[in-house]
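Down below is the structure, laid out as structure tokens.
The values are calculated or read from the model by the stated rules, or taken from the named source; none is laboratory data. Since the model is a prediction, treat every value here as computed from it, not as a measurement. Counting neighbours? That spans all protein chains shown, and the Cβs are built from the backbone with ideal geometry, glycine included.
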């Protein structure tokens, strides 16, 4: 957003604007260049056509809005997340916690429905004065979410609100290539996204375990166990080959399962298993 608004912009200026170190800024710019979103020339960083398309399609919009009694600290930052009301499942607690971890004092979640803004789970709209200020700041439609971060400085309020908004919109998911996920020192958490994706594709329980530590068990759309191993996972690791049979113990005892080693450059990095029936 900053490059799109102020570009071409030099690395030092960008670093100061974002209030992050030059080393971090360099790393971010390199990543954006590799994705094809940014070009860096003598004048500084500018968005490519691809970058402009990504910015235009972004689901979030950020503005300073004084929300008065609605928040608990001096400075407020409001972020609109388009068409995301269906993703708020915990009355805004998750978004608040994410914002606090990012440095904000707190965050308030509001849902747009019936042409008004509501707290999640409430039947009555919020105070009309605050609603009017937010409607003046954003073009709101039913189904949109407003996240209001609050903090002792605007920067902290913005960081909290934007981080929560990116998480809610799904735009903060890490982009990892398969080679990054399956690196030689893969840990349990590195396999979680892969196991969950396989589960969503095949619709049956999936288990995954790295070579040197306990793994994960995914079932019914979520990670159910983060310290899991099973007899077939152990057997496949030991034999370094595919194992297909009914396990003699564990949550899938008596169900046909298949476990295969995950091998890169001749090295077994992990094993992944699925329930066949």
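Couple of notes before you dig in:
- Candidate set from the range 19-31 (those that are touching a helix residue (DSSP H, G or I) at 6+ places or on another chain (Cβ under 7 Å) and surrounded by 15 or more Cβ atoms within 10 Å (Cβ to Cβ)); member that is farthest from residue 156 (Cα to Cα): 29
- Test result for residue 44, over 30 Å from residue 131 (Cα atoms), modelled with pLDDT of 85 or more and surrounded by fewer than 17 Cβ atoms within 10 Å (Cβ to Cβ): no
Residue-wise test of (1) in a strand (DSSP E or B); (2) outside the structural domain of residue 141 (by TED's automatic domain parsing); (3) over 25 Å from residue 151 (Cβ atoms).
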| site | (1), (2), (3) |
| --- | --- |
| 45 | yes, yes, yes |
| 66 | no, no, no |
| 76 | yes, no, no |
| 86 | no, no, yes |
| 91 | no, no, no |
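- Verdict on residue 86 being at pLDDT below 90 and over 30 Å from residue 16 (Cβ atoms): yes
- Matching residues, the range 107-132, being buried (at least 16 other Cβ atoms within 10 Å of the Cβ) and part of a loop (DSSP other than H, G, I, E, B): 119, 120, 125, 126
- Here residue 34 does not qualify as more than 16 Å from residue 144 (Cα to Cα), free of Cβ contacts under 8 Å to residues at least 24 places away in the same chain, part of a strand (DSSP E or B) and not assigned by TED's automatic domain parsing to the domain that holds residue 150.
- Qualifying residue in the range 224-239 (condition: at pLDDT below 90 and within 17 Å of residue 197 (Cβ to Cβ)): yes
- Complete set of residues in the range 2-18 that are under 24 Å from residue 79 (Cα atoms) and loosely packed, with under 12 Cβ neighbours inside 10 Å: 5
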